[in-house]
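A quick write-up on the structure given underneath.
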Amino acid sequence: MNPKSLVCSACIFLSFYCARGQSVTLTLDNVPETVQCNEVWTEQDVSLSFVTTTTDDCAPDGCYFAANGPADGFAESVMIWPSRLTVDLTGLPGIQTIEVDIVDYCGFYCTQAFLMDTAGIVSIKGNSEAGPETLILDNPSQAALTELAISGCESGLNEIRIYQNTSSIMNVPAVDRKVVRIVDPLGRDVSFHRGQLLFHIYDDGTVEKKMVIE
């Protein structure tokens, strides 16, 4: 392989693991079909629930939804009309960005996503037009977030991707982590070598940079 290609591959590899850190993807394809309003279920160890809409949403006091697409032909994982889907973020430190794949059926800002901390709303993002769109919410200060809420009057939700900062994750004590790969700065799988900079990748998605010199 061309050495420049190796360097480029290394840059992509390190950028993915070090800049973006860990990501948690919620596909919303395991929502219990019998779930009720305010009933909690989990995906990827994250708690979710449908709750009643508020005056911040397209219509208040609604909690109408369907898991895995209703019988009238909608293909999205979840439909809300109106309702809020809430995601508990308290167990996810160092959140940088959240992406929400939606399909809106009712028009401008009918589907909204809210990021919240203990003081209230940190960020709001609404759809720009009817149809499929990815709502992107940034958390530049990396404040400790408590909740993501997604509301809509006639909206489909497909996937939620939560990106965390690696350095913040590394400060959280690990519980029974296992190393799944050890790679060098070029992204090549290697065994342990004394005096060489290596990246240890664990089964929980975290990465640690190590060099043993003794």
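The values are calculated or read from the model by the stated rules, or taken from the named source; none is laboratory data. Because the structure is predicted, anything quoted here is derived from the model rather than measured. When we count neighbours, we look across all protein chains shown, and the Cβ atoms used for this are built from the backbone with ideal geometry, even at glycine.
A few notes on this one:
- The residue of the range 138-157 that is nearest to Met79 (Cα to Cα), among those that are at pLDDT 95 or above and under 12 Å from the mean Cα position of the chain (by Cα), is Leu148.
- Residues satisfying the stated conditions in the range 30-53, i.e. part of a loop (DSSP other than H, G, I, E, B), surrounded by 13 or more Cβ atoms within 10 Å (Cβ to Cβ) and free of Cβ contacts under 8 Å to residues at least 60 places away in the same chain: Asn30, Val31, Val35, Cys37, Gln44, Thr52
- Residue that is modelled with the highest pLDDT [pool: residues in the range 190-212 that are in a loop (DSSP other than H, G, I, E, B) and acidic (Asp, Glu)]: Asp203
- Taken over the range 175-189, the criterion of being in a loop (DSSP other than H, G, I, E, B) and either modelled with pLDDT under 75 or on the phi < 0 side of the Ramachandran plot (or both) is satisfied by Val175, Asp176, Arg177, Lys178, Asp184, Pro185, Leu186, Arg188.
- Of residues in the range 106-120 being touching a residue at least 24 places away in the same chain (Cβ under 8 Å) and touching an Asp or Glu at 6+ places or on another chain (Cβ under 9 Å), the one farthest from Ser77 (Cα to Cα): Asp117
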